[in-house]
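Presented below is the structure to which this report refers.
The values are calculated or read from the model by the stated rules, or taken from the named source; none is laboratory data. None of the values given here were measured: they were computed from a predicted structure. Glycine gets a Cβ as well: all are built from the backbone with ideal geometry, and neighbour counts include every protein chain shown.
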Amino acid sequence: MDDGGVGAKCVMLQNLLDDANRARETYERKYLESLQNKLSAESQLKDLQQGKVAEGYAPVKLPFRTLTHNLGSSEAYIRLRENLVASNNEASALRQKVSELKASLSSSERERASMKLDCEFPYNP
């Protein structure tokens, strides 16, 4: 009579143990993948900081690969620096243009509101 209860408990515990082992294996696999990605990213960052841009090697997400992969490290750095300065200048000009357009829009909205009021309540002396 008690053997059925003990057997069921053993099966349940075995299933729980199997589930825990599968979860642990999944977490270990994900941890190792993320560790490998981190180490790879650190290596690429170190190479970029040192100016190492070798033929056929550049991080995938960097669009300047085709422009710089044949250049020496100092030339690549200069080209990247020039691109950065140009991009910053362009962004600054665009921010300035946006602020000018916002001011113009605000002025136009005030003018429109004033004209709307004039249409609703015409001035008759």
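For E33, the conditions (1) modelled with pLDDT of 80 or more; (2) in a loop (DSSP other than H, G, I, E, B) all hold with the exception of (2). Being at pLDDT 85 or above, of a type in the set (G, A, S), out of contact with any Phe, Trp or Tyr (no Cβ under 6 Å at 6 or more places or on another chain) and assigned to a helix (DSSP H, G or I), is that true of even one residue in region 77-88? For region 77-88, residues at pLDDT 85 or above, of a type in the set (G, A, S), out of contact with any Phe, Trp or Tyr (no Cβ under 6 Å at 6 or more places or on another chain) and assigned to a helix (DSSP H, G or I): present.
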